[in-house]
Amino acid sequence: MTVDARVDALTDVAGLRVGHATRTGDGWLTGTTVVLAPEGGAVAAVDVRGGGPGTKETDALDPRNVVRKVEAVVLTGGSAYGLDAASGVMAWLEERGRGIRVGADPAHVVPVVPAACVFDLGRGGDFRARPDAATGRAAVEAAAASEPGAPVPEGCVGAGTGAVAGAVKGGVGSASAVLGSGITVAALVVANAAGSVVDPETGVLYGELFQGRVQYPEAGVHEAARRRLAETAARSAPPPLNTTLAVVATDADLSKAQAQKLAGTAHDGIARAVRPVHLLNDGDTVFALATGERALDAVNPLALNEILAAGADVVTRAIVRAVRAAEPVDGPGGAWPSYGELYASH
């Protein structure tokens, strides 16, 4: 397996586009991210592992149910309030006749827009500052306006704007890989975990350990980082209800059941990068999308396994990229240093 050299992001799966709507300042620290599928939709599935999820339309993605494809997936801040962002995306899709046809008139469609939220309430200072339908519309419009295969902005943008990963600032990250078969597997993650992404003994990101040999921070740098985290922790309430969200996608032709398996094994990628994970205080949710552009090798029984393994790998790398791209926040809602700030020399 080799890393795709195009943009190393979810948009390396041809046809997928990503848009962010970001709100900061005046009590705001939140946003919404939309993954827009090609017109006609993508096969979709979901796997929820956290004990405190906030989701919309996830039951529709059960392989036993009628919905096979979706036009968009919404990841949003604002906890359960922020799920209203999906309404703005639904309205935008309806205006374009995109969704499940339910009548003779081509305009009679019902867009199924699965959504999941992260907890970031009050992190900008105003508990009532959270995404709504207008935020969702802004995010899907940004996705639609983006160029095919465009790089995905990472860090404190969209649904990752107010994200916190343990004691450090979280955010949005993305990564992709191309298998020997030519199939692309990619992920976009919102890292907002109650667990830690940093090994407290060494300062190394857990997600980088699985990649093999890593460079450990110098002892003095790590000790200074620990002191800084202790200082900021006194100013910020511990994250009560956090969530890591992910969309893992492939251009392989998968059934809903196979896509659900991809969503499930992708959770292993979160478990490598966040410890502990899938807590009662988390709402960890992974969506899977399959655009069906490349046939799965039915003769090779390991073909699906390669996609499943790659899905977990790109999720781990996406979390690392989210944490490394995040910028520090010090405001009325709390103070969260970034990993890059704490370990600038690492």
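The values are calculated or read from the model by the stated rules, or taken from the named source; none is laboratory data. Owing to the predicted nature of the structure, the values given are computational and were not obtained by experimental measurement. Don't worry about glycine lacking a Cβ; one is built from the backbone with ideal geometry, like all the others, and counts go over all protein chains shown. Calculation scope for accessible area: heavy atoms of the full protein, side chains included, ligands and nucleic acids excluded. Shrake-Rupley method; radii C 1.70, N 1.55, O 1.52, S 1.80 Å.
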- Theoretical ellipticity at 222 nm over the chain - DSSP helices of four or more residues, -39500 (n - 2.57) apiece, nearest 500: -8000 deg cm²/dmol
- Mean Cβ-within-10 Å packing, highest first, puts peptides 315-327, 89-101 in the order 315-327, 89-101
- Task: Starting from region 27-90, pick out the trypsin sites (Lys or Arg not before Pro) whose DSSP state is loop and whose Cβ has at most 11 other Cβ atoms within 10 Å.
- Result: Arg64
- In region 174-311, carbon and sulfur make up what percent of the accessible area (probe 1.4 Å)? 53
- Item | Probe 1.4 Å, protein heavy atoms only - accessible area per residue of the chain in square angstrom | 39
- Message: Report the Cα centroid-to-centroid distance between region 62-114 and region 240-308 in angstrom, as an integer.
- Response: 21
- Task: Let me know the volume per residue of the alpha-carbon convex hull for region 50-146, in Å³.
- Result: 109
- Note on the structure: Here region 332-342 yields Karplus 3J(HN,Hα) values (6.51, -1.76, 1.60; θ = phi - 60°; whole Hz; Gly and Pro given as x) of x, x, x, 10, 9, x, 8, 4, x, 5, 5
- Note on the structure: Restricted to the chain, the DSSP antiparallel beta bridge percent, nearest 5, is 80
- Task: Would you be so kind as to identify which of Phe210, Pro200, Ala167 lies farthest towards the positive end of the dipole of region 163-260, taking Lys and Arg as +1 and Asp and Glu as -1 on Cβ and the Cα centre as origin?
- Result: Ala167
- Query: How large is the Kirkwood hydrodynamic radius of region 124-229, in angstrom, based on all distinct alpha carbon pairs?
  - Reply: 16.8
- Message: If you roll a 1.4 angstrom probe over the protein chains with everything in place, what fraction of the accessible area of region 50-91 belongs to carbon and sulfur, to the nearest %?
- Response: 46
- Looking at region 1-62, what % of the alpha carbon pairs are farther apart than 17 Å? 64
- Query: Mind checking the dipole of the chain: about its Cα centre, +1 per Lys or Arg Cβ, -1 per Asp or Glu Cβ, Debye to the nearest 20?
  - Reply: 340
- From Cα coordinates alone, what are the radius of gyration and Dmax values for the chain in angstrom? 19.1, 70
- Query: Which semi-axes, in whole Å and largest first, does the equivalent ellipsoid of region 226-346 have when worked out from the alpha carbon gyration tensor as the square roots of 5 times its eigenvalues?
  - Reply: 36, 15, 11
- What residue among Asp126, Asp297, Asp62 shows peak mean-square fluctuation when the chain is described by a Gaussian network model with Cα springs under 10 Å? Asp297
- Enumerate the calculated ³J(HN,Hα) couplings along region 78-87 in order (Karplus 6.51 cos²θ - 1.76 cosθ + 1.60, θ = phi - 60°), each rounded to whole Hz, writing x wherever the residue is Gly or Pro. x, 6, 4, 4, x, 4, 4, 4, 4, 5
- Item | Backbone HN-Hα couplings from phi across region 115-121 [Karplus 6.51/-1.76/1.60, Hz, Gly and Pro as x] | 8, 8, 10, 10, 8, 9, 4
- Task: Would you mind counting up the charge near Gly171? Only other residues with Cβ under 15 Å from its Cβ, with Lys and Arg at +1 and Asp and Glu at -1.
- Result: +2
- Around Ala298, with a cut-off of 15 angstrom between Cβ atoms, what is the net charge of the other residues, counting Lys and Arg +1 and Asp and Glu -1? -2
- Highest-MSF residue in the chain out of Thr244, Thr161, Thr22 [GNM, Cα springs under 10 Å]: Thr22
- Item | Accessible carbon and sulfur surface of region 102-156 relative to its total accessible area, %, 1.4 Å | 58
- Message: Please check: in the Gaussian network model of the chain (C-alpha springs, under 10 Å), which one of Ser79, Ser181, Ser196 has the largest mean-square fluctuation.
- Response: Ser181
